[in-house]
1. Which ones in the stretch 214-267 are among the charged types (D, E, K, R) and farther than 30 Å from Ser106 by Cα?
2. Of all residues in the stretch 79-112, which are in contact with a Gly (Cβ under 6 Å, 6 or more places away or on another chain) and of a type in the set (Val, Ile, Thr)?
3. Could you list, in sequence order, the residues of the stretch 158-168 that are within 23 Å of Gln111 (Cβ to Cβ) and touching a helix residue (DSSP H, G or I) at 6+ places or on another chain (Cβ under 7 Å)?
4. If we scan the stretch 20-42, do we find a residue that is over 19 Å from Arg415 (Cα atoms), in a loop (DSSP other than H, G, I, E, B) and modelled with pLDDT of 75 or more?
5. Report the residue count in the stretch 343-365 for those that are in contact with a helix residue (DSSP H, G or I) (Cβ under 9 Å, 6 or more places away or on another chain) and closer than 16 Å to Arg332 by Cβ.
6. Got at least one residue in the stretch 83-92 being among the charged types (D, E, K, R), at negative phi and in contact with a Lys or Arg (Cβ under 8 Å, 6 or more places away or on another chain)?
7. Is there any pair with a first residue in the stretch 122-135 that is in contact (Cβ under 8 Å) with a residue 60 or more places away in the chain and in the same structural domain as Ala91 (by the TED database) and a second that is outside any helix (DSSP H, G or I) and among the hydrophobic types (A, V, I, L, M, F, W, C) whose Cβ atoms are under 9 Å apart and which are 6 or more apart or on different chains, and what are they?
8. Give Ala271, Ala221, Ala244 a once-over and let me know the one that is open to solvent by 10 Å² or more (accessible area, probe 1.4 Å) and on the phi < 0 side of the Ramachandran plot.
Amino acid sequence: MKKKTVAQPKSGDGDTVHSPLVTYASMISLLTLCPPFVILLWYTMTAADGSVSETWNYLKQNGVQGFLDIWPRPTATAYKIIVVYGVFEAALQLLLPAKTVYGPISPTGHQPVYKANGVAAYLVTLITYMALWWFGIFNPTVVYDHLGEIYSALIFGSLVFCILLYIKGHLAPSSTDSGSSGNIIIDFYWGMELYPRIGKYFDIKVFTNCRFGMMSWAVLALTYCIKQYEENGKVSDSMLVNTALMLVYVTKFFWWEAGYWNTMDIAHDRAGFYICWGCLVWVPSVYTSPGMYLVNHPLNLGIQLAISILLAGILCIFINYDCDRQRQEFRRTNGKSTIWGKAPSKIEASYTTTTGETKRSLLLTSGWWGLSRHFHYVPEILAAFFWTVPALFNHFLPYFYVIFLTILLFDRAKRDDDRCRSKYGKYWKLYCDKVPYRIIPGIY
């Protein structure tokens, strides 16, 4: 009898993501280590001067009780902020004018239809937030002052949200791209549905990943900047560079949002604890943490250094965008676009769906995609470094996000390669022969 392996329940493609040991280890780690880490990150950044050693000494002296003492209890104010923000973003997702965009056809033959209005939602959100502050209706410093309570509420609220997603996947799946692995832990962790929706138009993953998670990144970047201004009467150049680069990056994301719907996060990873809890909790806390640190560390970089970091960061974000644009245009034109002034080189690949139908794909092997199979991760990691480096090097913790992102993207590149190897077979081998490096040209 063939030994059964634990796999992420994709849309019927049968791919194994990780070994059973890694799957269970990551599940246990996410459930047990990430929630307290979010609280410790917030505490260290806001109450311990960003010093890991100071937090460590506190915990060593006070033990578990000391940790419980610093874990803020969710408050009515925290829940009110989360609910108002969530309802506002959901309303924008549903009600703003939108262009109809079609996602990739899944292995079961299902093609999701999206309402693309991310740029409009992004602009309305930021303009509304700044207007509320400017006219004295709502002070964003309230968000910062209740940040620990907000994170605590998100930790528990997102757990409940993921339980509801699990139940929905069993009782009322939205499409044929759903199903069970036969293991309750794996189903809860990786998810039951690929494209869960409420009604016909409200896509849950678009909400959690884009309109709640990524939008909160921009909102909190502005919040930290405003908090520093209200505390000191001015904003340091280090905070300005950090905020500007984060906003440029998130702006790029929403400009390209329809392209994001073709990526692994949306088209292959199901809506479970792994991705939804991460977008609802990890993104607002860890991804924004360099700005959180700078609130109480108004470092002066000087004009020359500040401009140099800003330009380097913008260049990295542009290259990251141009990588995605190249591939998206290549797909849109069925390989008839130009790449760097010439016709693109490509490999014509075929694959078989779970229903037995033969499909055709084009694999781009020129431009940025000729340098390495996942070259776009290089400028993304460098961009994260450049919006973190204004924190300088007095403390290690601001750089946690850069390290985490590097590990995440390297793991994602491997998972994507494994999935494509299984999907395309001999054509993927041809592709790897032509583009031999996975991420870093000439090295890896």
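1. Here is the first cut: in the stretch 214-267, the residues among the charged types (D, E, K, R) are 227, 230-231, 234, 237, 252, 257, 265.
Correct list: Lys227, Glu230, Glu231, Lys234, Asp237.
2. If the condition is that a residue be in contact with a Gly (Cβ under 6 Å, 6 or more places away or on another chain) and of a type in the set (Val, Ile, Thr), then Thr108 is the only one that fits.
3. Answer for the stretch 158-168, where residues must be within 23 Å of Gln111 (Cβ to Cβ) and touching a helix residue (DSSP H, G or I) at 6+ places or on another chain (Cβ under 7 Å): just Leu165.
4. Yes, there is a match, as at least one residue in the stretch 20-42 is over 19 Å from Arg415 (Cα atoms), in a loop (DSSP other than H, G, I, E, B) and modelled with pLDDT of 75 or more.
5. 6
6. Taking every residue of the stretch 83-92 in turn, at least one turns out to be among the charged types (D, E, K, R), at negative phi and in contact with a Lys or Arg (Cβ under 8 Å, 6 or more places away or on another chain).
7. If the second residue must be outside any helix (DSSP H, G or I) and among the hydrophobic types (A, V, I, L, M, F, W, C), the pairs left are Tyr129/Phe138.
8. Ala244
The values are calculated or read from the model by the stated rules, or taken from the named source; none is laboratory data. These numbers were taken from a predicted model, which means no experiment stands behind them. Every residue, glycine among them, receives a Cβ derived from its backbone with ideal geometry; neighbour counts consider all protein chains shown. Please note that ligands, DNA and RNA were not included when accessible areas were found on the heavy atoms of the full protein model with its side chains. Shrake-Rupley method; radii C 1.70, N 1.55, O 1.52, S 1.80 Å.
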